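Peer 1: Quick one: this structure, given as C-alpha cells, is what I'll be asking you about.
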Amino acid sequence: LAGGIRLGYDVLVVATGARLLPEETEGLTGPGWGENVFTFYDLPGAIGLRHALERFDGGRVVVNVADLPVKCPVAPLEFAFLADWFFQRCGVREKVQLVYVTPLDGAFTKPVAARALGGLLKEKGIELVT
C-alpha cells in the first residue's frame with residue numbers, strides 16, 4: 001500500500017471489477033456494431049448511442065443484458081426507463097417498441113425488486129423477456 005503499509009491476511013481476494021468484453025458474445029461486435037448496436041458502458045459507445053437516438057423516429061429498441069456479471073446491474077433498467085421518457089419527450093413513444101432482455105428469470109437480481117421493477121416495466125409498456 002502507499003507509504004509501504006502492509007496488511008496481514010489469511011485469505012486475499014482481489015476484486016478488480018467487471019471488464020467489458022463485447023467480443024466474447026458471439027455476433028455482438030459483427031455487422032451493426034457502433035451503428036445500431038451499442039454499449040453505454042464506455043464513452044465511444046455512449047456517444048454513438050446518443051447520435052443514433054437523435055435520429056431514431058420509431059421501431060424496436062432492445063436493451064439486452066447479454067451475460068452475467070453485469071458491470072452495474074441496475075444500469076440497463078435505468079436505460080430502459082430513460083428511453084421510455086426520452087421517446088415520450090420526442091413525441092415518438094407510440095412508434096417505439098421497447099424490449100428489456102435479461103438472462104435472469106426476472107427484471108432484477110433480488111426477488112422483491114424484480115417483482116416491483118417487472119411491474120413498472122409492464123406499466124410503461126416495456127416488454128420483459130427473460
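The values are calculated or read from the model by the stated rules, or taken from the named source; none is laboratory data. As the structure is a prediction and not an experimental result, all values here were calculated from the model. FYI the Cβ positions are ideal-geometry reconstructions off the backbone, even for glycines, and counts take in every protein chain you see. When the accessible area is computed, the model is the full protein with side chains, heavy atoms only, and any ligands, DNA or RNA have been set aside. Shrake-Rupley method; radii C 1.70, N 1.55, O 1.52, S 1.80 Å.
Peer 1: Using only Cα atoms and rounding to the nearest 10 degrees, what angle (0 to 90) does helix 43-54 make with the longest principal axis of the chain?
Peer 2: Helix 43-54 and the main axis of the chain meet at about 10 degrees.
Peer 1: Could you tell me how far the Cα centroid of region 6-65 sits from the Cα centroid of region 76-112, in Å?
Peer 2: Spelled out, the Cα-based centre of one part sits 16 Å from the other.
Peer 1: Amide H to amide H, which residues 5 or more places from N64 or on other chains are under 5 Å from it, using H placed in the peptide plane?
Peer 2: When sequence neighbours closer than 5 places are left aside, the close amide H contacts are V101.
Peer 1: Suppose only helical runs count, i.e. DSSP H with n ≥ 4. What mean residue ellipticity at 222 nm does that imply for the chain under -39500 (n - 2.57) per run, divided by all residues and rounded to the nearest 500 deg cm²/dmol?
Peer 2: The helix contribution divided over the chain gives -10000 deg cm²/dmol.
Peer 1: Something else: Relative contact order of region 1-89, please, whole-number percent, based on alpha carbon pairs below 8 angstrom and at least 6 residues apart.
Peer 2: 22 percent.
Peer 1: Over the chain, with the other protein chains present, what is the accessible area per residue in square angstrom, probe 1.4 angstrom?
Peer 2: Spelled out: the 1.4 Å probe surface of the chain, per residue, equals 71 Å².
Peer 1: For region 16-70, run through the GluC sites (Glu not before Pro) and keep only the ones in DSSP coil with at most 11 other Cβ atoms within 10 Å of their Cβ.
Peer 2: Sparse-neighbourhood loop GluC sites (Glu not before Pro): E26, E35.
Peer 1: Would you mind computing Rg(Cα) / (2.2 N^0.38 Å) for the chain, counting N as its residues?
Peer 2: Normalised by 2.2 N^0.38 Å, the Cα Rg of the chain equals 1.30.
Peer 1: May I ask for the Kirkwood hydrodynamic radius of region 28-102, worked out over all distinct Cα pairs and given in angstroms to one decimal?
Peer 2: 12.9
Peer 1: Given a 1.4 Å probe and every protein chain left where it sits, what share in percent of the accessible area of the chain is carbon and sulfur?
Peer 2: 56
Peer 1: Separate question: Size of the dipole of the chain about the Cα centre, Lys and Arg at +1 and Asp and Glu at -1 on the beta carbon, nothing else charged, in debye to 20?
Peer 2: For the chain, the charge dipole is close to 400 debye.
Peer 1: To the nearest 10 degrees, how steeply does helix 111-123 sit against the main Cα axis of the chain, on a 0 to 90 scale?
Peer 2: Taking the Cα atoms of the chain, the angle to 111-123 is about 20 degrees.
Peer 1: Right, next: Run through region 1-78 and list the trypsin sites (Lys or Arg not before Pro) located in a DSSP loop whose Cβ has at most 10 other Cβ atoms within 10 Å.
Peer 2: Here the trypsin sites (Lys or Arg not before Pro) that fit, given the DSSP loop and packing criteria, are R6, R19, R55.
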